[in-house]
Amino acid sequence: MNQEAKNKTGRDHTRIGAVIVLIISAIVFIPFGGEAVIEAFFSRNKTPVLGSYDGTEIRYEHGSTFANAVSNIAEYYKSMGATLDSTDNYRVFQYAFQMTVKDMAYLAAVKKAGYSVPESAVNRRLVKYYADADGNYSPRLYNQTSKSDREEIRKGYEKTLAYDRFEQDLFGTSAGSMKLYGLKSSSKEAPFLSDMGRNAHSFSYVAFDTTDIPVEEAVKWASSNAELFRKYDMSVITLADESGANAVLKQLKSGEMDFADAVSEKSQKFYSGDDGKLNKVYAYQLETVIADADKRAAVIALAKDELSDVVKTAQGYSIFRGDSSSVQADFSDSTMQKVVLSYIKNKEQGYIEDYYTGIAKNFSAQAKLKSFEEAAESFGVTKMETLSFPINYQNSPLYTATPSTDAVLSALAADADALQKVFALKENELSAPIVLGNAVVIMKCTGISQDDTETDSAQLASKLASVEQNSADRTLFASDKVTDNVWLTYYTQIVNLGDD
């Protein structure tokens with residue numbers, strides 16, 4: 001793919017995400033001929049069910065709100081010159097499904113409230129619909145439209161106005177300087193929200209990676225917890241049901257069947273290979289196999305060739321046989337060291353964080369005696385710096401986002417406690433060690449500034465409206481009334497055309 005094609009593809013994808021929310025409410029109810037884009041789907045498939053709202057199925061069929069939404073969105077992007085691949089088309093289907101759910105929910109609420117759209121309101125919309133190039137009502141355009149199409153267009157505007165009635169009652173609307181309907185807000189809201197984003201801080205920071213730990217430190221911990229790494233030599237037979245395992249144990253004890261044959265013919269081999277040798281050989285691994293501490297103690301105490309009772313294991317029911325004595329771990333062995341490292345990384349993250357917290361404290365002490373830069377060089381870590389940004393938990397769209405230049409700052413944006421700590425720092429003050437993601441971090445406040453730029457009230461109002469709309473959408477789509485099968489249906493019944 002040449003660079004121009006790549007750029008065009010990127011623009012197409014961006015357009016899908018950025019423009020869809022601006023056009024969707026305007027195209028859901030008024031079909032304008034876009035069904036030609038998806039006619040092949042209807043001719044080759046039964047009407048797929050994309051999901052449901054409040055028990056009513058949402059189907060991909062001629063004339064439905066969903067089908068109109070899909071065709072109109074597709075036609076819109078086609079007119080914009082966008083080339084949509086299967087992933088983009090899926091997104092169109094997902095957006096269409098979401099808007100269909102909103103249509104059903106909003107119209108049901110309006111109906112329940114007993115509201116009906118005034119004929120005069122529909123007529124005012126239709127006058128504009130049949131307007132000529134100068135904006136005047138055109139009887140000629142009206143008469144050129146077939147009676148059936150005029151009826152469909154009227155019905156579409158009735159639905160749109162009913163939909164708008166609910167949305168305006170919920171979110172409000174503006175008429176000049178007066179906000180009508182919806183929840184009213186204080187005149188002090190905008191200045192308050194604007195002021196919240198004025199206080200910006202910049203930072204230097206270093207991060208100690210907690211995804212690894214020196215071998216010698218891991219061995220030090222393991223030596224204090226040596227019993228976890230005791231190695232056992234046993235064989236095991238595992239069956240899915242307890243009665244079957246008891247029958248096998250009886251045969252083993254009576255000599256009707258030997259252990260090797262039982263492994264070959266009866267065992268599910270959840271914990272062994274074909275030879276029957278237990279593959280969960282360390283004590284900490286056996287804890288995951290046998291949850292009952294008393295039964296586990298009885299198993300690890302087995303003498304050579306001694307059989308255990310039937311033991312309930314994490315998968316099925318097992319019979320263990322002692323093969324030889326257990327062996328204490330040799331932590332000087334490189335293979336054992338790898339086992340220890342793996343265990344600590346997976347099971348003892350807190351110990352690793354404590355280890356690096358100690359190092360971070362030593363870093364802070366040296367940084368205070370010398371400098372942040374000298375300490376970073378001495379400890380072999382890279383000093384990172386940020387531009388100024390305000391405190392913004394979860395990166396609210398109302399304010400400048402926390403920089404996402406690395407995993408540390410991405411984790412900071414999602415950690416309310418850490419944000420409070422670092423934004424409480426005075427200029428040139430160092431934080432205590434903070435665990436952020438997979439790192440222990442020391443942050444230094446390098447500057448505090450006040451943004452005196454007045455936030456445009458219209459821009460802030462637009463952002464607030466977007467936040468309110470997104471919150472309402474998330475609440476609606478998380479409802480138990482919504483069943484969303486778009487992904488499964490799209491890829492199994494629509495992408496794979498003809499695969500019945």
Of the chain, which part is the longest with no trypsin sites (Lys or Arg not before Pro) in a loop (DSSP not H, G, I, E, B) and with at most 12 other C-beta atoms within 10 angstrom?
47-183
Rounded if a/c is under 1.5, else prolate if a/b beats b/c, else oblate: with a ≥ b ≥ c from the C-alpha gyration tensor eigenvalues square-rooted, which is segment 157-262?
oblate
Specify which residue in the list Tyr137, Asn225, Val263 is farthest towards the positive end of the charge dipole of the chain, using unit charges on the beta carbon of Lys, Arg (+1) and Asp, Glu (-1), about the Cα centre.
Tyr137
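For the full complex of protein chains and a 1.4 angstrom probe, list His201, His62 by accessible area with the highest value first.
The most accessible residue leads, giving His62, His201.
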Please list, in chain and number order, the residues 5+ apart from Ile58 or on another chain whose amide H is under 5 Å from its amide H, with Hs placed from the backbone.
Leu50, Gly51, Ser52, Tyr53
Degrees separating the helix 86-112 axis from the principal Cα axis of the chain, which is the longest one:
60 degrees
Rounded accessible area per residue of the chain, 1.4 Å, Å²
56 Å²
Taking Cα atoms, the helix 349-369 axis meets the longest principal axis of the chain at an angle in degrees (rounded to 10) of 80 degrees
Of the accessible area of the chain, with the probe set at 1.4 angstrom, what percent is carbon plus sulfur?
50 percent
Ordered by number, the chymotrypsin sites (Phe, Trp or Tyr not before Pro) in segment 199-280 that occupy a DSSP loop and have at most 12 other Cβ atoms within 10 Å are none
Which of the three applies to segment 191-343, rounded, prolate or oblate, going by the alpha-carbon gyration tensor with a ≥ b ≥ c and a/c under 1.5 meaning rounded?
prolate
Find the all-direction average of the projected area of the Cα convex hull for segment 340-485, expressing the result in square nanometres with one decimal place.
13.4 nm²
Quick shape check on segment 46-155: root eigenvalues a ≥ b ≥ c of the Cα gyration tensor, a/c under 1.5 is rounded, otherwise prolate if a/b tops b/c, else oblate, and it reads oblate
Low-density loop positions, chymotrypsin sites (Phe, Trp or Tyr not before Pro), segment 81-183 - DSSP coil, at most 15 other Cβ in 10 Å:
Tyr115, Tyr181
Out of Ser449, Ser194, Ser332 - ranked by how far each Cα lies towards the positive end of the dipole of the chain, with unit charges on the beta-carbon of charged residues - the top one is Ser194
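Using the reciprocal of the averaged 1/r over all distinct C-alpha pairs, how large is the Kirkwood radius of segment 302-375 in Å?
Result for segment 302-375 stands at 17.1 Å.
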Do any GluC sites (Glu not before Pro) in segment 204-278 lie in a DSSP loop with no more than 15 other beta carbon atoms within 10 Å, and if so, which?
Glu256
Give the angle, between 0 and 90 degrees and rounded to the nearest 10, that separates the Cα long axis of helix 457-477 from the longest principal axis of the Cα atoms of the chain.
60 degrees
Given the Cα atoms of the chain, and with Rh set as the inverse mean 1/r over their pairs in the Kirkwood sense, what is Rg to Rh to two decimals?
1.12
Taking every C-alpha to C-alpha distance in segment 337-416 and binning by 5 Å from 0, the per-bin percentages run 3, 12, 14, 14, 17, 19, 13, 6, 2, 0, 0
Phi angles of segment 212-226, converted by Karplus (6.51 cos²θ - 1.76 cosθ + 1.60, θ = phi - 60°) into ³J(HN,Hα) in whole Hz with x for Gly and Pro, give 9, 8, x, 4, 5, 6, 5, 5, 4, 5, 5, 5, 8, 9, 4
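The values are calculated or read from the model by the stated rules, or taken from the named source; none is laboratory data. Since this is a predicted model, take the numbers as computed values, not measurements. Reconstructed Cβ throughout: ideal geometry from the backbone, glycine too, with neighbour counts over all protein chains shown. Heavy atoms of the whole protein, side chains included, go into the accessibility calculation; ligands, DNA and RNA do not. Shrake-Rupley method; radii C 1.70, N 1.55, O 1.52, S 1.80 Å.
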